[in-house]
Amino acid sequence: MNNIYLYTIVGMGLFTLGLYAVIVHAHLLRKILAINVMGSGVFLVLVALAARNQGTAPDPVPHAMVITGIVVAVSATALALALMLRVRAKTGQAELSEESLE
Amino acid sequence: MLVTEILSSLLLIAGAIFFLAGTVGLLRFPDVYTRLHALTKADNVGLGLVVAGLVLQAESWTVAGKLLLIWLLVLLASASIAHLVAKAARKKGIELWK
Amino acid sequence: MTLLQLMFDTLLGFSLLWLAWQALTSPDLFRAIVLFIAFGLLMALTWIRLDAPDVAMAEASIGAGLTGALLLSALARLGSKNGSRAILEKKHQAGSMTENTKNQLPFRLLLMVLLLAVAAGLVYVVLTLPENIPGLGILVEENLESSGVSNPVTAVLLNYRGYDTLLELSVLLLTLLGVWSLGDMTKQHESFPGPVLSTLSRLLVPLLIMAAGYLLWVGAHAPGGAFQAGSLLGAAGVLLLLAGWRPGTRLAGLPLRISLVLGVAAFVAAGMVFILLGRQFLEYPPSFAGVLILLIEAAATLSIGITLAALFLGGRPKFSQPKFSRPKLNQPKSSQPKFRRHK
Amino acid sequence: MYTNDQKQHLQFAPGHSVIITLRTGLIRAVLFTLIWWILTDGAMNSWLVGVPVVLFATLVSVQLLPPFSWSLIGIIRFVPFFLWRSLYAGVDVARRAFDPSLPISPQMYHYRWRLPPGLPQVFMANTVSLLPGTLSAELGDEFLYVHVLDKTGAFASELMILEEYVADLFGLKLITDRSEE
């Protein structure tokens, strides 16, 4: 048990937390926040595993992938927020209402 | 060589104490305005001392320049942000603590 | 590994989980977003602990900074329109919520059990991964000399996995098109932000440009590169927008569009030129690779920065129509669709 | 594009000519070159990127922040004053934070401007927040609203002194007293 596995487990904890929040919350802004937390969890697992081999430099390929991922995540967030504002403009609320779920 | 090292360590420790003071102020002071006082002034001095301590250890002029640049930028940013936060609090109608 | 390090890592890990939990459950949305920004900064610290300074820079500027700015501005726009009504609605809903949550309790319990199973499965998979797999790190190191740069992360991004980065730039562009197609820039009657913020932005923007240039240059052999530099440029743009600056109608037309596609265009052009010389797409000859990567990165930095700032603006800025607009043939003028802005 | 209204507050130095703009541009270019040299550790191969970046930054800087008057002597006088007073400010606030009885008595003080609007006022507002016991809370047309940590202190005279230093820094002369008019 070293710190690499600690961070891997934290990463998976973040992913699970985010997934729970995405399902439970109705407000779209909270869902967007939750998806971002899920993404951070995935990145954390990737980068932690890249540093798995003790004594050698970490694998740069996952690092590059995560940088790509962070940029894609911010653009996805921007689009999601724009969609949320559109939903709000159309329906008057930024939530997925209970009726629409049933 | 040894003198600069001791001086540098003393400056770093003093800086850390000011950061601690800023945090204690943030926790103990009663309202947003007084907390801003603690943050801006104590952290400015704290960072200044840390930077001074590190400049003594700097290997070259450019490293010292970078450190000084960092201090100036944080100074500018923290003073401006403190003003903006205080202004927003006033606009929101937050009363002074008496 | 020393005990102190383990303690630090444990503390950091728990803080991450705790902040994420607080951000996701806080009843106040503003508070939730601020906590999320703090979460992003702790993530940046975590990347440093995991020996990934390139990622740390991207996280601090994009993950915490720009995402936070986007979220806060979206929240402000949510609140600005009939804000009081929304609060009333929420109170009303909160009343009915308690009833719902009672009915939902078994559902939530089931959900938690399922998610715990998922988490346990994930942990099992990772903990049983084979030890000491060399990975791709050795391969990257062996070929570093022919890549044109000496920072392995930049080598992967711009050379070995150029496809990914090209597609990522396209994703960024597509996102902006998506945001633009959702409507024009909302005419916000923002009050003048005040001389202090205005002066701060005027002082910082040139310095941010300098810092972006530095990260662009240093990315070839140390942590840094086009994405970090681009996000600094984007931050400069966001600062200008916050201080009340808006692109004029002339600037928002062709100049904006050209700078948005410049990154993708430079990437594709660099890839295509060498096809003509008998190489593969995005395969650079080692002797040119360094210069090519710098050129592509410079173009990409500009495009990324301007795209991110445009995303913050949240809609297509108004631009002046080209003077040579021709009337469409076979279509009488009256039948042209009239656009009306939605409220 | 800023509206005229927004630009106005920066143009307190009337009548700048092309020469002044060029001179300002040159000074800032030198400053940015120095910063680039610091950032890159003076690496020779960095100037390929550095020269265009410095030029661009200078161009943007002159666009955003029009030339303003300043005085070297004023700066030399201001720096030690600021360093000493801000160090004192840190000690003062740290003492109050650690003191079990929490000796503070806040007040909002209206300080009447003598400085012209624009960069001098902004500079003073920012400096005020770093000096002992004062925090600028709003920059009005006529007053600077200062939050004072301890209303029993001699903050009023301190603000007057600071304003004179700032005026010096920008090569300005203060109108001595308005109440006599």
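A few notes on this one:
- Quotient of C-alpha Rg and 2.2 N^0.38 Å, computed over the range B:2-92: 1.26
- With semi-axes defined as the square roots of five times the eigenvalues of the C-alpha gyration tensor, the equivalent ellipsoid of the range C:1-78 measures 26, 16, 5 Å, largest first.
- Once the convex hull of all Cα atoms in the range C:151-320 is built, its volume per residue stands at 110 Å³.
- Reciprocal of mean inverse Cα separation for the range D:17-64 (Kirkwood radius, Å): 11.1 Å
- Amide H contacts for D:Asp150 (H built 1.01 Å from N in the peptide plane; partners 5 or more residues away or on another chain; cut-off under 5 Å): D:Ser105.
- Built amide H within the under 5 Å cut-off of D:Ala137, gap 5+: D:Tyr145, D:Val146, D:His147
- Intensity falloff of the range A:3-101 expressed as log10 I(q)/I(0), Debye formula with alpha-carbon point scatterers, at q = 0.15 Å⁻¹: -0.68
- Relative contact order (%) - criterion: Cα under 8 Å, at least six apart; region: the range C:1-78: 26 percent
- Assigned charges on the beta-carbon of Lys, Arg, Asp, Glu; chain D dipole about Cα centre (debye): 400 debye
- Per residue, the solvent-accessible area of chain B (1.4 Å probe, heavy atoms of protein chains only, all protein chains present) comes to 54 Å².
- Convex hull volume per residue, computed on the Cα atoms of the protein assembly as shown, equals 233 Å³.
- When the charge dipole of the protein assembly as shown is built from unit charges on Cβ atoms (+1 for Lys and Arg, -1 for Asp and Glu) and taken about the Cα centre, the candidate among D:Leu159, B:Gly46, A:Ala26 whose Cα reaches farthest toward its positive end is A:Ala26.
- Put simply, chains C and B cover up around 600 Å² of each other's accessible surface, both sides summed, when a 1.4 Å probe is used.
- Considering only alpha-carbon pairs that sit under 8 angstrom and 6 or more positions apart, the relative contact order computed for the range B:2-92 is 33 percent.
- Radius ratio Rg over Rh of chain D, counting only Cα atoms, Kirkwood formula for Rh: 1.05
- Selection from C:Ala226, C:Leu116, D:Tyr111, by position along the positive dipole direction of the protein assembly as shown (Cβ): D:Tyr111
- Each Lys or Arg adds one and each Asp or Glu takes one away; over the other residues whose Cβ falls under 14 Å from the Cβ of D:Thr134, this sums to -1.
- The value for the range D:72-169 of Rg(Cα) / (2.2 N^0.38 Å) is 1.08.
- Residues whose amide H comes within less than 5 Å of that of C:Leu136, counting only those at least five positions distant or on another chain, are absent (H built at 1.01 Å from N in the peptide plane).
- Share of carbon and sulfur in the accessible area of the protein assembly as shown stands at 69%, probe radius 1.4 Å.
- Pairwise burial D:B, computed as accessible area of each alone minus the pair, summed, 1.4 Å, Å²: 3200 Å²
- Whole-Hz Karplus values for the range B:21-28 come out as 4, x, 5, 4, x, 4, 7, 8 Hz, taken residue by residue from phi with 6.51 cos²θ - 1.76 cosθ + 1.60 and θ = phi - 60°; glycine and proline positions read x.
- The residues of the range C:1-78 present an accessible area of 42 Å² per residue when probed at 1.4 Å with all protein chains retained.
- For the set B:Lys41/B:Lys66; B:Lys92/C:Lys318; B:Lys87/C:Lys318; B:Lys92/D:Lys151, the pairs lying more than 25 angstrom apart at their alpha carbons are B:Lys92/C:Lys318; B:Lys87/C:Lys318.
- Dipole magnitude of the range C:151-320, debye to nearest 20 (Cβ charges: Lys/Arg +1, Asp/Glu -1, about Cα centre): 440 debye
- Whole-Hz couplings from phi, Karplus 6.51/-1.76/1.60, listed for the range B:7-16; x for Gly and Pro: 4, 4, 5, 4, 4, 5, 5, 4, x, 4
- Relative to its Kirkwood radius, the Cα radius of gyration of the range C:168-267 gives an Rg/Rh of 1.00.
- Contact surface C-A: accessible area buried, both sides summed, square angstrom, 1.4 angstrom probe: 7000 Å²
- Environment charge at D:Val91 (Cβ cut-off 12 Å; Lys +1, Arg +1, Asp -1, Glu -1): +3
- Applied to the range C:247-258, the Karplus parametrisation 6.51 cos²θ - 1.76 cosθ + 1.60 on θ = phi - 60° returns per-residue 3J(HN,Hα) values of x, x, 5, 6, 5, 7, x, 4, x, 5, 4, 4 Hz, with x for Gly and Pro.
- Total formal charge among the other residues, if their Cβ is under 14 angstrom from that of A:Asn36, Lys/Arg +1 and Asp/Glu -1: +1
- Computed from label points 7 Å out along Cα-Cβ, the spacing between D:Ser105 and D:Ile73 is 4.1 nm.
- Top positive-direction residue, dipole computed over the range C:1-81 with Cβ charges, set C:Leu11, C:Ile37, C:Leu78: C:Leu78
- Using a probe of 1.4 angstrom and keeping all protein chains present, the accessible surface of the range A:1-44 works out to 28 square angstrom per residue.
- Taking all Cα pairs closer than 8 Å and separated by 6 or more residues, the relative contact order of the range A:3-101 comes to 29 percent.
- Dipole check for the range D:72-169: with +1 at the C-beta of Lys and Arg, -1 at the C-beta of Asp and Glu, and the Cα centre as origin, the magnitude is about 180 Debye.
The values are calculated or read from the model by the stated rules, or taken from the named source; none is laboratory data. Remember, it's a predicted structure, so these values are computed and weren't measured experimentally. Neighbour counts are summed over all protein chains in view; Cβ atoms, including those assigned to glycine, are modelled from backbone coordinates with ideal geometry. Protein only, heavy atoms only, side chains kept; ligands, DNA and RNA dropped before computing areas. Shrake-Rupley method; radii C 1.70, N 1.55, O 1.52, S 1.80 Å.
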